[in-house]
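These notes are about the structure you will find just below.
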Amino acid sequence: MSGGLYDQKSGDLRVLRKLGSVYSEADGGRGTREEEERERIEIALLLEGLYRLYGFDFRNYAYPSVRRRIWHRVYAEKLITVSGLQERVLHDRSCAERLVDDLVIHVTEMYRDPSLFAAFRERVVPLLRELPSFRIWHAGCSTGEEVYSTAILLYEEGLYDRARIYATDINEEVLHVAERAAYPLKKMQEYTKNYMLSGGKDAFSGYYGASGNVAVFHPFLRERIVFAQHNLVTDRSFNEFHVIFCRNVMIYFDSILQNHAHDLFYESLCPQGILVLGHKESITFTKHAGHYETLDPQEKIFRKIE
């Protein structure tokens, strides 16, 4: 195979050089400035074409992550250059969709970070009780596990009938998974543990039924949820929300795109609205930092104050 060498003992592919951006083993993979610049240009052109032709904008995603995932797709397509991948992407929509799947990170689980959901019960639920109805937005919802976690929490707190939950993602395929509310049964033991740690009040198994090796969550949990495609990079605000969850999505954005997303969330939150971020995310360095108060610094729960 051009551009790589197979380890005959392990059968693994050890990449010694990348054609189109040639790195020799001798220089430790650093390459020359000219080679690095050539690779950046190739990647920039690929992302520009992906945006112009298909509307998926990854131009301001964190470069190291994008670069790594693009090369993964280059090899998966049995190509040897980023330019070769660009040509295929521009002429084959299915290849473009495979690349998008690689670039969008889907990491989620029921009650991920249980302490966050425990803090939400303690600090946010009392505020929601004061409202006759409220809207929640899960931005970048992936396959929906955290959306259903929120639905169950609100149901247990007697608030689900007042809620409308909007769950969005850039990827239509993961939205189809989320709409089915069917997950591997083998994960339920872990999810039950998370549920209990989050302050769950009932038997978690009461919220789903087993069908073969799949756990299917009961239909009533989907009644107040709207799943829809939305691109945080290119799409605008579509409603006013009392709570916005966007957890561990912006860690893959560069500073320009992070600020863009924060503008969108600030615009979309109603007065006194709640913003919930991931543990590695913050509003500290954004222009909106002074417009929020911190309800829980550890769990990254903020309230819009102006």
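The values are calculated or read from the model by the stated rules, or taken from the named source; none is laboratory data. Model, not experiment: these values are computed from the prediction. Backbone-built Cβ (ideal geometry, glycine too); neighbour counts: all protein chains shown. Only protein heavy atoms, including side chains, enter the accessible area calculation; ligands, DNA and RNA are left aside. Shrake-Rupley method; radii C 1.70, N 1.55, O 1.52, S 1.80 Å.
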Ignoring ligands, DNA and RNA, what percent of the accessible area of the chain is carbon or sulfur (1.4 Å)?
49
Solvent-accessible area per residue, Å², over segment 209-306 with all protein chains present [probe radius 1.4 Å]:
48
Send over the per residue convex hull volume for segment 216-306, Cα only, as a whole number of Å³.
128
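Taking a quarter of the surface of the Cα convex hull of segment 156-218, what do you get in nm²? Working shown, then result.
Values: hull surface 21.0 nm².
Answer in nm², one decimal: 5.3.
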Can you compute the modelled spin-label distance between Phe285 and Leu53, with each label point 7 Å from Cα toward Cβ, in nm?
3.4
Using the Cα atoms of segment 53-109, I'd like the radius of gyration and the largest Cα-Cα distance, Dmax, both in angstrom.
11.3, 36
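With contacts defined as alpha carbon pairs under 8 Å and 6 or more residues apart, what's the relative contact order of the chain in percent?
14
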Distance between modelled label sites at Glu37 and Tyr63, nm, 7 Å Cα→Cβ extension
1.3
Report Rg (one decimal) and Dmax (nearest whole number) for the chain, counting Cα atoms only, units Å.
21.8, 67
Would you report the distance distribution of C-alpha pairs in segment 80-183 as whole percents per 10 angstrom bin, up to the bin with the largest distance?
13, 36, 25, 14, 9, 3
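Starting from the alpha-carbon convex hull of segment 30-141, give the projected area averaged over all orientations, in nm².
Details: hull surface 42.2 nm².
If you wrap the Cα atoms of segment 30-141 in a convex hull and average its projections, you get 10.5 nm².
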Averaging sequence separations of C-alpha pairs under 8 Å and six or more residues apart, then dividing by the length of segment 140-228, give the relative contact order as a whole percent.
39
State to the nearest 20 debye the size of the charge dipole of the chain about its Cα centre, where the only charges are +1 on K and R beta carbons and -1 on D and E beta carbons.
300
On the principal axes of its Cα set, how long, how wide and how thick is segment 126-252? Give whole Å, largest value first.
40, 36, 26
Heavy-atom accessible area per residue of segment 42-88, all protein chains kept, 1.4 Å probe, expressed in Å², is 48
Where does the chain land at 222 nm, in deg cm²/dmol rounded to the nearest 500, when only DSSP H runs of n ≥ 4 count, each adding -39500 (n - 2.57), divided by all residues?
-11000 deg cm²/dmol
